[in-house]
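Only one structure is covered here, and it is reproduced in the block below.
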Amino acid sequence: MGWIFFAIALVIIAKSPLGMALAHRIRFGVAVEGGSGAQFEELAGQVNEELTALRAEMTDLAERMDFAERSLLQLRRPDALPQGHRPGPEADSI
């Protein structure tokens, strides 16, 4: 009795758009034209372009940070800073 329900469900699924797409994929081995494969390729291209732009931006930011670090190091030379007050031995006895 259970096989009757299985057979009916199989026929319903086979006649649905999902079943038709599955049959086309089995027959020809490729996705239906205009299906999700084309949308995926378009989306993958957009993601690739954005990733390339982000990499270029990260490279630019890294160069700017290197420049800023070098500029700060030049300002912080030991002879450019004022001499601080060092506590003497009398400061330890307090």
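Where a number appears in this text, it was derived from the coordinates with a stated rule and is not lab data. As the structure is a prediction and not an experimental result, all values here were calculated from the model. Note that we place each Cβ from the backbone using ideal geometry, even for glycine, and neighbour counts take in every protein chain shown.
Couple of notes before you dig in:
- Using a simple spin-label model with pseudo-atoms 7 Å out from Cα toward Cβ, A68 and V47 lie 3.1 nm apart.
- Compared with the alpha-carbon gap, the fully stretched path from H24 to W3 is longer by 5.0 nm at 0.36 nm per residue.
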